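The values are calculated or read from the model by the stated rules, or taken from the named source; none is laboratory data. None of these values were measured; they are calculated from a predicted model. Counting neighbours? That spans all protein chains shown, and the Cβs are built from the backbone with ideal geometry, glycine included. Only protein heavy atoms, including side chains, enter the accessible area calculation; ligands, DNA and RNA are left aside. Shrake-Rupley method; radii C 1.70, N 1.55, O 1.52, S 1.80 Å.
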Number of protein chains: 2
Amino acid sequence: MRRFATERAKRLLLGSFRSSPPLSSVPLCSSASAAAAAMDSAASPVALDTINPKVLKCEYAVRGEIVTHAQRLQQELQSKPGSHPFEEILYCNIGNPQSLGQQPITFFREVLALCDHPPLLDKSETHALFSADAIARAWQILDAIPGRATGAYSHSQGIKGLRDAIADGIAARDGFPANPDDIFLTDGASPAVHMMMQLLIRSQKDGILCPIPQYPLYSASIALHGGSLVPYYLNESTGWGLEISELKKQLEDARSKGITVRSLVVINPGNPTGQVLAEENLKEIVEFCKNERLVLLADEVYQENIYVDDKKFNSFKKIARSMGYGDEDLPLVSFQSVSKGYHGECGKRGGYMEVTGFSAEVREQIYKVASVNLCSNISGQILASLVMNPPKVGDESYESFDAEKTGILSSLARRAKALEDAFNRLEGVTCNKAEGAMYLFPRLHLPKKAIEAAEAVKAAPDAFYARRLLDATGIVVVPGSGFGQVPGTWHVRCTILPQEDKIPAIISRLEAFHEAFMEEFRD
Amino acid sequence: MRRFATERAKRLLLGSFRSSPPLSSVPLCSSASAAAAAMDSAASPVALDTINPKVLKCEYAVRGEIVTHAQRLQQELQSKPGSHPFEEILYCNIGNPQSLGQQPITFFREVLALCDHPPLLDKSETHALFSADAIARAWQILDAIPGRATGAYSHSQGIKGLRDAIADGIAARDGFPANPDDIFLTDGASPAVHMMMQLLIRSQKDGILCPIPQYPLYSASIALHGGSLVPYYLNESTGWGLEISELKKQLEDARSKGITVRSLVVINPGNPTGQVLAEENLKEIVEFCKNERLVLLADEVYQENIYVDDKKFNSFKKIARSMGYGDEDLPLVSFQSVSKGYHGECGKRGGYMEVTGFSAEVREQIYKVASVNLCSNISGQILASLVMNPPKVGDESYESFDAEKTGILSSLARRAKALEDAFNRLEGVTCNKAEGAMYLFPRLHLPKKAIEAAEAVKAAPDAFYARRLLDATGIVVVPGSGFGQVPGTWHVRCTILPQEDKIPAIISRLEAFHEAFMEEFRD
């Protein structure tokens, strides 16, 4: 199943990304205005066939057609309650914890509020409203900002004092030093990924090794920058194992086709696959990148999200340094985000990349590209520093902070297990463990009749299933075709993020739907 | 002077962008780590000659070499006070008001702080710390956010309720309706400009008409997306007039070379040139774009920054609608930012683009690209809604808000005039009025000896002047070569943003430096 050549796999991948024509009768995204809808594209100076083909090629299923349809259903529920067999839309399509009711970490928000309105720090009432260590931290942060100006553009890489705190946090995590000059603060991890793709990709002849399944930011960014996605398949039968033999095979195959493979993307913990890579595996990967002279792009945004006792997160930098490899041995970029972890501050758009192993002159180019956009948002920068340097034992807020943090993480672990078990109980469904991250990626062994029914409406079978699930239950999941999968297999990605008290009802709805679906299409 | 063919002008432009090799003996940006500095690029898997040539080509002078040098001087001043003939670096290179001491608008920051930490809204002490209408506005905003979740990813275009407020603000400004579905909230204006360039540019054969001088975001973005900048020169002798005859000439010239010109960029009020375009001129431009089937990209981020009584800001949308032109007549995108205006909230990275006149299917592509990055930061979204819907007469905060706003704007007007007069008093310097925006762009008629001295160190003459100015006074300005200028002319861009009490000393330092410079190089 996994012997597809690069080109063919790519075609198949793209094919499956594209094989879902609109199922709804409303082909427009909900945002298109009436005026736009009435316009004839061909008559416009910007007809569809005149725009950048890289934009046309790019796909992003996490907010694709199924979500647009869900938004329409939500509007219908609001305007006409009772019009559907469910009362609310449950957005399990995207890792967006606070949209489903998760509360922000109090300490983080106290500090952000104080930094947004520093005159509060001079008022006596403030001490009744904020914890003492949040006040102290806000002062500390303001003192690190030139002129205490939280409304000023910062250094293009982010405020130096905040980068210092982040570097200290990385060093404490890894046991190896980190350099604040290696940190580039960004508006979430996505712009950082784009920056690296922009740097590395010159043409279609440049390839980026990406896991399949993958988070579609990678396929989208590679498409937008005109490169080639070189897929390597994770082994579902070994819990989405990442095998060096597969990397080697795909690398050689791509090279034999004239592709210059520049980089390897690894997502650990995995998205959409939820596996946590073992230390030995990480070492093999580092060795592979070093030997093959690849840039290791390490998506480590789920580093705090580990749900099983026998696995822990190890950063690639820690592993590389523990092997004795330094800057001169391999270029390594680690992406981190404030959107994930126990805090899930998606709306704040904070994040950073730690860039090591690049020459000074190439770093200067990265700095230049960062400068064109001036800087990332300061609240996101502050939050990134808090995430990497949270309250410590002894701080006034520590106990309440730790209670909030462990409460969220242990609840996520229970939710992951409950949903994993539920999927595994469904007929024809197998689901690996969510060891980490925020997702389950169950495999659907669909009956032939269901596949034919999907083909009849020109939909991918998993898109057909997801659409049926949404229409019957209000649960939004993303078809596996949006992430890539071994051709002929079908999956969905479902977040573990609905609040815990809703999980039993979700499972009941899922079970009832699935039973009816199988009944309808049983061979 | 302005008869340069597109290709030649482009070459000259790029030539002048590039003609400034490092003047300092430290070729690395200050951010390069020691490890990176020690690395040999050629030995790295990512040697400089293996990165994307579009990245190499891109230049962004506003944070270019002169700023890197200034940062180094600042460090030297800190570590060794008295080591330079000035006590502080005055960053007049970038429109970053709060970095120079401008205070944020109280009402805006109150609302942001409350939205960052909504539990404050339930506390009695809060009423002693925040104005009643800030509290009311925070509730109103929270109620517009699904689940009141300020930490959730929003709709890819931004929170609907905030887009409603922005659309209302646009309608009130223009007297013509605005559609919230046309608004795309972005992290400042820069990502919005990139999105449009990404959409429109397919190859080097696609051209974008840009003013010269221009804000270098445009040249950088066109370079990064691999298109051709088609320059049109603003007429310095008529106060940086935008002449339709020049647009036509450059358009025809580009077309004769096989360039498909897709779009016209207009920056109004002008950056770096400070002019405010007259209503009749705007009408001609709209007519030109309609007839020539160009997308009008309207950089209107300085719409609040007008300093002369006989000029007012008119949006292109208002002008187009007042001419009877609707969506079907021309594609028009207006960029707005929270970084400029009287508020100058650069660090918040808020902004929006209003996208009109595109077909539904092309808008869907814009929506898709916005979705890949999920959403812009929520604080920036909130701030954009506040900027377009500030306190009104009768609101509790109105008087203090209005005092802050008019205080800043009238001070900016006085500073603009004082610096303009000062430049015009300098020997061999002529300076147009800053009718709006935040910059002066004086022309330097440099002595032949100075030009030769610059050539001797392989610097552009205005870069040579700017470097000398920095070394003598600590004042950071950007050489005109970074914005483009009629070949053979030399300018610098200087912001009007230093605090008012510092302006006399700045002028004295500038005058003393200029006198000594002219004395040294007089022909």
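The table for this structure:
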{"read-out": "Complete set of residues in region B:103-117 that are surrounded by fewer than 24 Cβ atoms within 10 Å (Cβ to Cβ) and more than 8 Å from every other protein chain (Cβ to nearest Cβ)", "value": "B:Q103"}
{"read-out": "Conditions (1) open to solvent by 10 Å² or more (accessible area, probe 1.4 Å); (2) under 17 Å from the mean Cα position of the chain (by Cα); (3) touching a residue at least 40 places away in the same chain (Cβ under 8 Å); number of the one not met by B:G239", "value": "(2)"}
{"read-out": "In region B:278-313, residue least open to solvent (accessible area, probe 1.4 Å) [restricted to those that are within 17 Å of B:Q336 (Cβ to Cβ) and aromatic (F, W, Y)]", "value": "B:Y302"}
{"read-out": "Residue list for region A:59-86, restricted to those being among the β-branched types (V, I, T) and either at positive phi or touching a strand residue (DSSP E or B) at 6+ places or on another chain (Cβ under 8 Å) (or both)", "value": "A:V62, A:I66, A:V67"}
{"read-out": "Filter result for A:G258 (away from chain B (no Cβ under 14 Å), in contact (Cβ under 8 Å) with a residue 12 or more places away in the chain, in a loop (DSSP other than H, G, I, E, B) and open to solvent by 10 Å² or more (accessible area, probe 1.4 Å))", "value": "yes"}
{"read-out": "Candidates B:A463, B:A459, filtered to the one that is assigned to a helix (DSSP H, G or I), among the hydrophobic types (A, V, I, L, M, F, W, C), touching a helix residue (DSSP H, G or I) at 6+ places or on another chain (Cβ under 9 Å) and under 25 Å from B:P211 (Cα atoms)", "value": "B:A463"}
{"read-out": "Pairs where the first residue, in region A:355-367, is over 14 Å from A:V333 (Cα atoms) and the second is in a helix (DSSP H, G or I), C-beta under 6 Å, 6+ apart", "value": "A:A360/B:A36; A:A360/B:A37; A:E361/B:S41; A:E361/B:L48; A:Q365/B:V55"}
{"read-out": "Boolean, B:A278 is within 13 Å of chain A (Cβ to nearest Cβ) and either closer than 25 Å to B:L440 by Cα or touching a strand residue (DSSP E or B) at 6+ places or on another chain (Cβ under 8 Å) (or both)", "value": "no"}
{"read-out": "Of the criteria (1) buried (at least 22 other Cβ atoms within 10 Å of the Cβ); (2) of a type outside the set (A, V, I, L, M, F, W, C); (3) facing another protein chain (nearest Cβ under 8 Å), which one A:T126 fails", "value": "(1)"}
{"read-out": "Among residues of region B:55-67, those that are facing chain A (nearest Cβ under 9 Å), part of a helix (DSSP H, G or I) and within 15 Å of B:L470 (Cα to Cα), counted", "value": "3"}
{"read-out": "Residue count for region B:71-95, restricted to those that are within 29 Å of B:S190 (Cα to Cα), assigned to a loop (DSSP other than H, G, I, E, B) and open to solvent by 10 Å² or more (accessible area, probe 1.4 Å)", "value": "2"}
{"read-out": "Residue satisfying all of: in region A:162-171; surrounded by fewer than 19 Cβ atoms within 10 Å (Cβ to Cβ) and under 14 Å from A:L386 (Cβ atoms); farthest from the other protein chains (Cβ to nearest Cβ) among these", "value": "A:D168"}
{"read-out": "Tally, over region A:318-359, of residues that are open to solvent by 10 Å² or more (accessible area, probe 1.4 Å), closer than 27 Å to A:G380 by Cα and more than 19 Å from the chain's Cα centre (by Cα)", "value": "1"}
{"read-out": "Filtered residues of region B:275-321 (kept if in contact (Cβ under 8 Å) with a residue 40 or more places away in the chain and part of a strand (DSSP E or B))", "value": "B:V295, B:L297, B:D299, B:I306"}
{"read-out": "In region B:375-426, the residues that are in contact (Cβ under 8 Å) with a residue 40 or more places away in the chain, of a type in the set (D, E, K, R) and closer than 30 Å to B:K502 by Cα", "value": "B:E404, B:K405, B:R414, B:R415, B:K417, B:R425"}
{"read-out": "Meets criteria (buried (at least 23 other Cβ atoms within 10 Å of the Cβ), on the phi < 0 side of the Ramachandran plot and facing another protein chain (nearest Cβ under 10 Å)) for A:A152", "value": "yes"}
{"read-out": "Complete set of residues in region A:219-236 that are surrounded by fewer than 23 Cβ atoms within 10 Å (Cβ to Cβ) and within 13 Å of chain B (Cβ to nearest Cβ)", "value": "A:L224, A:G226"}
{"read-out": "Verdict on B:I94 being hydrophobic (A, V, I, L, M, F, W, C) and facing chain A (nearest Cβ under 9 Å)", "value": "yes"}
